[in-house]
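The values are calculated or read from the model by the stated rules, or taken from the named source; none is laboratory data. Please read these numbers as outputs of a predicted model, since none were measured by experiment. Cβ placement follows ideal geometry from the backbone for every residue including glycine, while neighbour counts extend to all protein chains displayed.
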Amino acid sequence: MSALSYRSWIEQKKLKLQTLNCYSAGITPENLAQQLGAHISKIVKLNFNENLFIDRNRQTLLLKQIADEIDLRMYPEDEVPKLTKKLAEYLNIPKEYITVGNASDELLDRIIRLFIDKNDAAVSFSPSFTIPQLCVKRQGGEYLTIPLKNDFQLDVPTMISAFSEKTRLLYICSPNNPTSNQMKPQDIETLTTNFPGIVILDEAYSEFADYSFASRIHEFPNMIILRTFSKAFGLAMLRLGYTIANPELTEILTKKAPLPYPVSGFTIQMGVKMLENIDIMQSAVTRLKVEREKLINALNQIKGIQAFSSHADFVLINTVLPVDLVYEKLLKRGVMLKKWGKILQYDNCFRVTVGLPEINAKLIKVLKQINEE
């Protein structure tokens, strides 16, 4: 390739890549603290659905144990089977149904790379988690979304009408991000049995919800359930996830797609430790659910705010005041929420992580001040 040809090719590639949207985390707590001239400990971070109820001291002790037990010079050859075995015991399903990955985001990307080609189509609903759409678009596929009904439930007939010979993938997030509700199980069953391709059921928040399809996975040969250690288990920084699917799909996901050793041995060992000490997660989830209801009740007592019921570790709220105005006032007070804006018939929506009681108290105080100004 001549220098001229290379230059032409790279410019065309840059133009194409610039048309693709990408995920942006936005402002960080450190950035906001610097802007406000405040210590980072003063920032109220409730925008990433992190589980602050996990006992950090016990978690740290487990990390120290791993540091003494593993040899960082070695590749993680035996670690994945250990984690798969522990997950199978936790879920009460055969280990042949489980694939481990570098967080559920990486596994989601892996599935889409395997099953979506150029000009294929995927179907989902809106609003929902945005990463699947970014991955499908990058593959050159079409991403069709059907609006949720006003009660945040699935519009099953309209979604089925969107299925065609081109559709290869159906993405369902339940509990859904950002609406925080769990979809009706009969609706998921109907969509899955009527869909001709792969169904991804994203259960990232299932430990906070009322039910899971994990124990019924044998009933749905075309379903892949996504799960994560980032939420209920509080391992967001380590990036660990897994899928649950029939052995045929699991073999494809495990042996045909990933690069060698896609997850660090340290991360895998931490997953094993958390499953061996499952009470850490269970206690945190129990406490979070109690605080979730207290937070929803407190938010609904503020004039100008509506908070919706939740099956996740976050709450969706709608404000009477314009969303951009509220957002800027929150940031000036060091409070970080996820700004969503218009969701269906609600114009000014935010997603709010369920924080510890003292953090939620600060949030309530600030929101009252903003709405009284």
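On the stretch given as segment 299-326, residues that are within 27 Å of the chain's Cα centre (by Cα) and of a type in the set (K, R) total 0. Among the residues of segment 233-240, are any more than 15 Å from the chain's Cα centre (by Cα) and at pLDDT 95 or above? Taking every residue of segment 233-240 in turn, none turns out to be more than 15 Å from the chain's Cα centre (by Cα) and at pLDDT 95 or above. Of all the criteria given as (1) surrounded by 10 or more Cβ atoms within 10 Å (Cβ to Cβ); (2) not hydrophobic (A, V, I, L, M, F, W, C); (3) not in a helix (DSSP H, G or I), the one not satisfied by R7 is (3). Can you find a residue in segment 141-149 that is touching a residue at least 60 places away in the same chain (Cβ under 8 Å), touching a helix residue (DSSP H, G or I) at 6+ places or on another chain (Cβ under 9 Å) and hydroxyl-bearing (S, T, Y)? No, because not a single residue in segment 141-149 is touching a residue at least 60 places away in the same chain (Cβ under 8 Å), touching a helix residue (DSSP H, G or I) at 6+ places or on another chain (Cβ under 9 Å) and hydroxyl-bearing (S, T, Y). Screening the candidates L299, L226, L288 for the property of being in contact with a strand residue (DSSP E or B) (Cβ under 7 Å, 6 or more places away or on another chain), at pLDDT 95 or above and under 30 Å from L367 (Cβ atoms) yields one hit, L299.
Residues of segment 267-286 that are part of a helix (DSSP H, G or I) and either free of Cβ contacts under 8 Å to residues at least 12 places away in the same chain or surrounded by fewer than 16 Cβ atoms within 10 Å (Cβ to Cβ) (or both): E276, D279, Q282, S283, T286.
So that you can scan it fast, the table gives a plain yes or no per residue for (1) touching a residue at least 12 places away in the same chain (Cβ under 8 Å); (2) of a type in the set (G, A, S); (3) within 23 Å of F152 (Cα to Cα):
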position	(1), (2), (3)
E293	no, no, yes
N300	no, no, yes
D313	yes, no, yes
K332	yes, no, no
G355	yes, yes, no
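Within segment 316-346, can you find the residues that are charged (D, E, K, R) and under 27 Å from Q182 (Cβ atoms)?
Step one: list which residues in segment 316-346 are charged (D, E, K, R), which gives 324, 328-329, 332-333, 338-339, 342.
If the condition is that a residue be charged (D, E, K, R) and under 27 Å from Q182 (Cβ atoms), then K338, K339, K342 are the ones that fit.
Would you mind stating whether E79 is surrounded by 13 or more Cβ atoms within 10 Å (Cβ to Cβ), touching a Pro at 6+ places or on another chain (Cβ under 9 Å) and either within 20 Å of K362 (Cα to Cα) or assigned by TED's automatic domain parsing to the domain that holds S206 (or both)?
Details: surrounded by 13 or more Cβ atoms within 10 Å (Cβ to Cβ): yes; touching a Pro at 6+ places or on another chain (Cβ under 9 Å): no; either within 20 Å of K362 (Cα to Cα) or assigned by TED's automatic domain parsing to the domain that holds S206 (or both): yes.
Taking the combined requirement at face value, the residue does not satisfy it.
Taking segment 250-266 only, how many residues are assigned to a helix (DSSP H, G or I) and either closer than 21 Å to A214 by Cα or touching a residue at least 24 places away in the same chain (Cβ under 8 Å) (or both)? Give the steps one after another, and end with the answer.
Here is the first cut: in segment 250-266, the ones assigned to a helix (DSSP H, G or I) are 250-256, 265-266.
Subset that is either closer than 21 Å to A214 by Cα or touching a residue at least 24 places away in the same chain (Cβ under 8 Å) (or both): 250-254, 256, 265-266.
Of the residues in segment 250-266, 8 are assigned to a helix (DSSP H, G or I) and either closer than 21 Å to A214 by Cα or touching a residue at least 24 places away in the same chain (Cβ under 8 Å) (or both).
Could we say that T254 is on the phi < 0 side of the Ramachandran plot, modelled with pLDDT under 95 and touching a strand residue (DSSP E or B) at 6+ places or on another chain (Cβ under 6 Å) here? Here the answer is yes, as T254 does meet what is asked. All of K137, K86 fail the test of being crowded, with 16+ Cβ neighbours inside 10 Å and modelled with pLDDT of 95 or more, apart from K86.
Residues in segment 350-368 that are of a type in the set (A, V, I, L, M, F, W, C), closer than 17 Å to L331 by Cβ and crowded, with 21+ Cβ neighbours inside 10 Å: F350, V352, L363, L367.
Could you please let me know if I198 is at pLDDT 95 or above, surrounded by 16 or more Cβ atoms within 10 Å (Cβ to Cβ) and among the β-branched types (V, I, T)? Here the answer is yes, as I198 does meet what is asked.
Kindly indicate whether any position in segment 29-43 is in contact (Cβ under 8 Å) with a residue 60 or more places away in the chain, more than 27 Å from T243 (Cα to Cα), touching a His at 6+ places or on another chain (Cβ under 9 Å) and assigned by TED's automatic domain parsing to the domain that holds K332. Within segment 29-43 (the criterion being in contact (Cβ under 8 Å) with a residue 60 or more places away in the chain, more than 27 Å from T243 (Cα to Cα), touching a His at 6+ places or on another chain (Cβ under 9 Å) and assigned by TED's automatic domain parsing to the domain that holds K332), the answer is yes, since at least one residue qualifies.
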